[in-house]
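The values are calculated or read from the model by the stated rules, or taken from the named source; none is laboratory data. Computed from a predicted structure; not experimentally measured. Using ideal geometry, Cβ is built from the backbone for each residue, glycine included, and neighbour counts are taken over all protein chains shown.
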Amino acid sequence: MGLSDNQTIKVVDNETIRQSDNKTTIFEPKIVAFCCNWCSYPAADGAGVARLQYPTNIRIVRVMCGGRVTPALVLKAFELGADGVIVATCHFEDCHYIFGARKAADVHKITERLVEMLGIEKERLRLDWISSAETTKFAKVAHEFTEVVRNLGPSSIKKEIRISDYQEISE
C-alpha cells in the first residue's frame with residue numbers, strides 16, 4: 001500500500017529541512033528524488049549495492065508510481081527546502097500501472113510550467129525514466145542533476161518552518 005499525500009510530505013520534510021546544514025562555503029544542494037517503487041527505486045538500491053558513486057545529497061522518497069507525484073508534492077518539496085527535485089519513473093513500456101509513466105510525463109509538463117510561474121528555474125526539476133536494471137543510469141542522472149542544481153545555487157523558495165507548520169503536516 002502506498003503513502004498518502006500527508007505521509008509523503010512527512011518523508012520529504014524529514015529528508016530535506018531536517019538535514020544538518022553544511023557550514024562550509026561550498027554550496028551542496030538538497031535534492032529530493034521521487035522514485036517509482038518498481039523501477040527507479042530498485043535502480044537506486046542497486047547502485048548502492050554495486051557501490052556506484054552518486055551524490056549523498058540526493059534524498060530518495062519511494063512512491064508507488066511516478067504518476068502518483070503531483071505538482072503539489074513537488075512544490076511542497078521546494079517549500080520544505082529542496083534545491084532540486086527529480087521524478088524518476090519506469091519507461092513507458094515497463095510501467096506496472098500501465099499508464100503511470102505517461103501520466104508522470106504529462107504531470108511533469110504542467111509542473112514545469114507551474115514552477116516557472118512561481119519564479120523557480122525549470123532546471124531545478126527533472127523527469128527521467130530509469131528501469132530497475134539501469135543502476136549506472138541512476139548514478140549518472142544523480143551526478144548530472146546535482147551539478148546542474150549546484151551551478152544554479154540555492155533555491156530562493158524556502159519557507160521558514162515554524163513548529164505550528166510542522167504540527168499541521170504531522171496530523
- So, in segment 63-102, of the ones that are aliphatic (A, V, I, L, M) and assigned to a helix (DSSP H, G or I), which residue ends up farthest from the chain's Cα centre (by Cα)? Ala101
- Note on the structure: Checked pairs for segment 29-44, first farther than 15 Å from Thr135 by Cα, second among the charged types (D, E, K, R) and at pLDDT below 95, C-beta under 7 Å and 6 or more apart or across chains, list as Val32/Glu15
- Item | Where Cys65 falls short, out of the listed (1) under 28 Å from Ser156 (Cα atoms); (2) in contact with a helix residue (DSSP H, G or I) (Cβ under 6 Å, 6 or more places away or on another chain) | (1)
- What number of residues within segment 26-51 satisfy the criterion of being farther than 19 Å from Ser156 by Cβ and among the acidic types (Asp, Glu)? 1
- Task: Among residues belonging to segment 129-154 that are under 17 Å from Ala101 (Cα atoms) and of a type in the set (Phe, Trp, Tyr), point out the one that is surrounded by the most Cβ atoms within 10 Å (Cβ to Cβ).
- Result: Phe138
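Does Ser155 count as touching a helix residue (DSSP H, G or I) at 6+ places or on another chain (Cβ under 8 Å), at pLDDT 95 or above and not in a helix (DSSP H, G or I)?
On the way: touching a helix residue (DSSP H, G or I) at 6+ places or on another chain (Cβ under 8 Å): yes; at pLDDT 95 or above: no; not in a helix (DSSP H, G or I): yes.
Answer is no for this residue.
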- Item | In segment 69-113, the residues that are among the charged types (D, E, K, R) and touching a helix residue (DSSP H, G or I) at 6+ places or on another chain (Cβ under 7 Å) | Lys76, Asp83, Arg102, Lys103, Glu112
- Out of all the residues in segment 74-88, is one or more surrounded by fewer than 19 Cβ atoms within 10 Å (Cβ to Cβ), modelled with pLDDT of 95 or more and under 25 Å from Gln53 (Cα atoms)? no
- Query: Can you tell me which residues in segment 106-144 are assigned to a loop (DSSP other than H, G, I, E, B) and in contact (Cβ under 8 Å) with a residue 60 or more places away in the chain?
  - Reply: Ile130, Ser131, Ser132, Ala133, Glu134
